[in-house]
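One structure is given here, and the rest of the page talks about it.
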Amino acid sequence: MFTLIGIGAGAAWIFSVIWNVYFPDFFPPIQFKNRIGCRTCIFEAATVILTLVLLGSLLEKQGLTAKPNSAVKELLKLAPNKAIVVKRWVEVEVSIDEIKLR
């Protein structure tokens, strides 16, 4: 995924450098200009894309390493420690440790 993002951001940056910095008059004046007459640059688009991807990666790593162990421990506390077993048509409450598979 990072390879594709890097290729896209790199292509945007290279396009901006080549066509807008070194060859600004290559395209006709009407094309690639916005309402106020400035050439379209996509330096900021590449920067925003990379910033958002890195921020998302940071948040993902924070979420994965923050408290997964405590969450699992809390879930284990919710597990029941007794079960109801039917023996000879009678329901009997037994400990989980006493249950055996046949």
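The values are calculated or read from the model by the stated rules, or taken from the named source; none is laboratory data. Since the model is a prediction, treat every value here as computed from it, not as a measurement. Because the Cβ atoms are built from the backbone with ideal geometry, glycine has one as well, and the counts that use them run over all protein chains shown. When the accessible area is computed, the model is the full protein with side chains, heavy atoms only, and any ligands, DNA or RNA have been set aside. Shrake-Rupley method; radii C 1.70, N 1.55, O 1.52, S 1.80 Å.
Considering each of 96, 14 in turn, give the residue that is at pLDDT 80 or above, surrounded by 10 or more Cβ atoms within 10 Å (Cβ to Cβ), of a type outside the set (D, E, K, R) and within 28 Å of the chain's Cα centre (by Cα). Walk me through it before giving the result.
Numbers: 96 fails: within 28 Å of the chain's Cα centre (by Cα).
Only one candidate passes the filter, namely 14.
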Q) Of all the residues that make up segment 27-70, how many are at pLDDT 75 or above, open to solvent by less than 70 Å² (accessible area, probe 1.4 Å) and over 13 Å from residue 16 (Cα atoms)? A) 4
